[in-house]
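The values are calculated or read from the model by the stated rules, or taken from the named source; none is laboratory data. What you see is a predicted model; the values in this text were computed from it and never measured. Here the Cβ is made from the backbone with ideal geometry for all residues, glycine too, and neighbour counts use every protein chain on show.
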Amino acid sequence: MLRETDPKAELRFRELVESAPDGIVVCDRSGAIVLVNAQTERMFGYSRGELIGKPIEILIPERLRSRHPGHVAGYTGAPRSRPMGTGLDLSGRRRDGTEFPVEISLSPIQVDQGTLFSAAIRDVSDRKRIEAEARRANAYLLSSVDSIQDAFSLYDEEDRVVLVNSSFRQLVGASIAGAIVGRRFDELADAILPLLDPGSEAAADLRRRWLDYHREPTGSLELRTRTGRTLRITDRATAEHGTVSLIVDITDDILRAEELRRARQQAEAASAAKSEFLASMSHELRTPLNAILGFAQLLQRDRKQPLSERQLERLGHVLSGGEHLLRLIDEVLDLARIEAGGIAISTEPVGVRDMVAEVVTTLEPMAQRAGIQLASEITEVADVVADRTRLAQILMNFGSNAIKYNRQGGHVAFRAAPRDSHVRLSVVDDGFGIPEDKRAKIFEPFQRAGQETGPIEGTGIGLSISKRLAELMQGSVGFTSVVDRGSEFWVDIPVHVAAADTEAARKPQVAEGSALAAAPAAHKVVYVEDNPSNIAFMRELMSDLPAVELLTAPTAEIGVELVRAQQPAAVIMDINLPGMSGFDAVKLLKAWPETTHIPVIALSAAALARDTSRAREAGFYRYLTKPVKIDELLDALNDVLDS
Ligand code: ADP
């Protein structure tokens, strides 16, 4: 069929056709197939034999077949090399009826018998699929940009708009006419500027600030609109040397933050009110207790008219009941203050051995009464970082529990061991132990683990205070216990890394009673107090101390004058006084040259930590709380009179 002038050339032609990547189909003028290559067979699923002599329409979808001979006739009438059906989506049909997208280029071939027509067919399924995916991805991208609630805009390297979303259009819509894409950024900025409130800034300065930011964006820029809204603009450079910009309306966030701030302020005010309430409650409760415990102690010590055994025993109940009530007030107040965040923890390096030795000394009388052997087994251990008083409070609580919940002849030991970045201080006893079903809640307030009906006094608050205090010192508490064998309570406290000088300077201890045992009326002491029963109590107490001449003043105003005139050796000052307060009075006394050297001991019913630190700042020599602990007061007096 093909021109047979050169058999070698024909062979080469056939080889070329066979190896072509496209399917090659040659037809005659009537549209009958005269030659196909192997790629055509693969592409359409026909064998060569099934195709030769068949109309070319066998290879196109049935729905298009009827019109095809017309196209063939059109082409064969004016044949030239050209792509077929430019701009149309062409499809091929496989033997199994499935269709696939194709591209076809047509060429006439001159042979001896006349003109034949070749079609080079390329299966473009892969390309079409990739194109469709790219289109879909693009559509996704555009619709996501459009669904961003904030105003989005993208600029090319010449700072012209490439893409904006609907929110951006809305923002500038009213102030700009015509298309936005293609405009320069500064044009858009100029359109938006009239909507902005420049505040105290000149409009031109605001414009410059915005353009500068857009050129070299770092962080974000906040602008206010004339309608009172706040916009946060965040621009970033793109990899293509353009800029992407997002304008977010943060007005609601600001309002919410403001609401939160106000709510926090209210909560803080409420918590402060709670602390104040607790402070005054404790004052109210302590004042009458002061009278009860003070006079009970005086009756107990009355040497002139000693009480009978029976009376002393009854008085013992009054005292222990009063002390229990006082402890309860103190503990509830302590817990409430911790919960209100009202206690200040001040940490410092603390030498464990010395501190535990003091705790053991304090607990010793209690242990002796209970017939318990108490010992510190601590030898060498690193210092910890803690609030010394508060850490001692935790160990006192563990220690007194270990003594209380124990039998005569029992043992209590304090131990310390390093534990990673902490030191574990533990108190081990061989007492009652804690029943398993009570263990989970033991650190919660008012949980007494089965002791609520027993004879051992307690409030159930100590352990919960200990836990919170440990946490405030970046520590933790825990315990193990076996019923009838004993318990171990421990507190882990951060270790002090660079162990500093642990031998803190201590005040020299005054030999007891030395100054107070001086000649009669050797020392004048002024007591400023408005409560008659407190004055009576103090008079009684001082009557046992002939060295002291007690002068009293019912108000701070009278008190300071009395001090100025009498130049006493010491002043004992109540804080809550009618008129001038004890704080104001001590300030005056410290300010006057003739009284500045006179030590003033505060004796107050207010027991908040805040008062203690205020007292120190105000210039008090010492701050004691009511009800008066006689030994404590005598110690303080002894110290001032001796110095
Ligand atoms: P309180 O001793 O005032 O009741 P705590 O909070 O200190 O309150 O202790 C709570 C409870 O835990 C105690 O009532 C007691 O039942 C139990 N408990 C604490 N320590 C020990 C211990 N070492 N041995 C046995 N039980 C203990």
(request) Give me the pairs, please: first residue somewhere in region 451-469 and closer than 19 Å to Asp437 by Cα, second residue anywhere and within 8 Å of the ligand (Cβ to nearest atom) and among the polar types (S, T, N, Q), beta-carbon distance under 6 Å, and either six or more positions apart or on two chains. (result) Gly460/Gln447
(request) Return the pairs, sorted by first residue and then second, in which the second residue is at pLDDT 85 or above and of a type in the set (Lys, Arg), the first residue lies in region 629-640 and is in a helix (DSSP H, G or I), the beta carbons are less than 6 Å apart, and the residues are 6+ apart or on different chains. (result) Ala636/Arg622
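Given the structure, is Gln311 modelled with pLDDT of 85 or more and either surrounded by 12 or more Cβ atoms within 10 Å (Cβ to Cβ) or not in a helix (DSSP H, G or I) (or both)? It would help to see each step written out before you state the result.
On the way: modelled with pLDDT of 85 or more: yes; either surrounded by 12 or more Cβ atoms within 10 Å (Cβ to Cβ) or not in a helix (DSSP H, G or I) (or both): yes.
Spelling it out, Gln311 is indeed modelled with pLDDT of 85 or more and either surrounded by 12 or more Cβ atoms within 10 Å (Cβ to Cβ) or not in a helix (DSSP H, G or I) (or both).
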(message) Just to be sure I understand the filter: pairs with C-beta atoms under 9 Å, separated by 6 or more residues or on different chains, first member in region 142-156 and closer than 17 Å to Thr243 by Cα and modelled with pLDDT under 95, second member among the aromatic types (Phe, Trp, Tyr) and outside any helix (DSSP H, G or I). Which pairs pass?
(response) Val145/Phe152
(request) With the condition kept exactly as written, say whether any residue in region 46-63 is under 20 Å from Ser107 (Cα atoms), modelled with pLDDT of 85 or more and in a strand (DSSP E or B). (result) yes
(message) What pairs come out if I take residues in region 480-491 that are of a type outside the set (Val, Ile, Thr) and pair them with residues that are assigned to a loop (DSSP other than H, G, I, E, B) and more than 7 Å from the ligand (Cβ to nearest atom) whose C-beta lies under 7 Å away, six or more apart or interchain?
(response) Ser481/Arg439; Arg485/Asp430; Gly486/Asp430
(request) Take region 459-472 and flag every residue that is buried (at least 21 other Cβ atoms within 10 Å of the Cβ) and more than 12 Å from the ligand (Cβ to nearest atom). (result) Leu469, Ala470
(request) Go through region 178-213 and give me each residue that's among the small types (Gly, Ala, Ser) and in a helix (DSSP H, G or I). (result) Ala189, Ala191, Ala203, Ala204
(message) Condition first: assigned to a loop (DSSP other than H, G, I, E, B) and of a type in the set (Val, Ile, Thr). Now tell me which residues in region 214-226 satisfy that.
(response) Thr218
(message) Residues that are of a type in the set (Lys, Arg) and in contact with a Gly (Cβ under 8 Å, 6 or more places away or on another chain), at least 1 per element: which strands (runs of 3 or more DSSP E) completely within region 93-174 meet that?
(response) 114-123
(message) Can you tell me which condition Tyr621 does not meet? The list is (1) touching a Phe, Trp or Tyr at 6+ places or on another chain (Cβ under 9 Å); (2) more than 21 Å from Pro532 (Cα to Cα), and all the others hold.
(response) (1)
(request) For region 227-244, name all the residues that are within 36 Å of the chain's Cα centre (by Cα) and either farther than 15 Å from Phe168 by Cβ or without any contact (Cβ under 8 Å) to a residue 60 or more places away in the chain (or both). (result) Thr227, Gly228, Arg229, Thr230, Leu231, Arg232, Ile233, Thr234, Asp235, Arg236, Ala237, Thr238
(request) Specify which of the listed residues (Glu323, Glu331, Glu339) is at pLDDT below 80, within 16 Å of the ligand (Cβ to nearest atom), surrounded by 14 or more Cβ atoms within 10 Å (Cβ to Cβ) and among the charged types (D, E, K, R). (result) Glu339
(request) Search region 459-470 for residues being under 25 Å from Ala344 (Cβ atoms) and part of a loop (DSSP other than H, G, I, E, B), and hand back the single one that is modelled with the lowest pLDDT. (result) Thr459
(message) For region 477-486, give me each residue that is small (Gly, Ala, Ser) and more than 25 Å from Asp387 (Cα to Cα).
(response) Ser481, Gly486
(message) Just to be sure I understand, how many residues within region 64-81 are surrounded by 14 or more Cβ atoms within 10 Å (Cβ to Cβ) and either assigned to a loop (DSSP other than H, G, I, E, B) or not aliphatic (A, V, I, L, M) (or both)?
(response) 7
(request) Could you tell me whether Glu284 is among the acidic types (Asp, Glu) and over 19 Å from Lys626 (Cβ atoms)? (result) no
